[in-house]
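To keep things clear, I will list the structure first and then write my remarks on it.
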Amino acid sequence: MNRCVSCEETITNPLCPGCLTKGIGQWLKEKNILLDVTNPSSGSMDPCIKCGDFIDLCTYCFTKHVYEELKIAKVSRKVLEEYTLFFHFDLERLGYYKKAKEEGVIV
C-alpha cells in the first residue's frame, strides 16, 4: 500500500478522489453550490477498488481538502454540518471533525 502524499499515512481506504468527487459533486449540485472538488494530486501505484484509477491521496485528506474549500466559499454552517455527516473520513474524530465541533459547526 502507498502512503498519502499529503499526510504520509498509509492509504487504507482504497477509494480514489475521483470516485469520491462524483458523490460529493452530486451533493454540491443538489445544494446549488459551485465548487471545484478535483483531486489536488495524482500519480500512485495502488488502484481504486471502484474505478481502477490510481490513488495517492487518502480519503481523509481529500475530504478535509473539500471541507476547507467549503469554508473558504463561506457556505452556511448547516451545509458544513451536513458535509461532515455525509462525507467525513475522520473516523477517529481527531482532525477536521473535532475542529468543526469546536467551531460549533457540529452540535
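The values are calculated or read from the model by the stated rules, or taken from the named source; none is laboratory data. Not measured: the values here are computed from a predicted model.
Some points to look at:
- Per-region count, the stretch 32-86, residues modelled with pLDDT of 90 or more and small (Gly, Ala, Ser): 2
- Any hit, the stretch 7-17, residues being modelled with pLDDT of 85 or more, under 15 Å from His88 (Cα atoms) and assigned to a helix (DSSP H, G or I): yes
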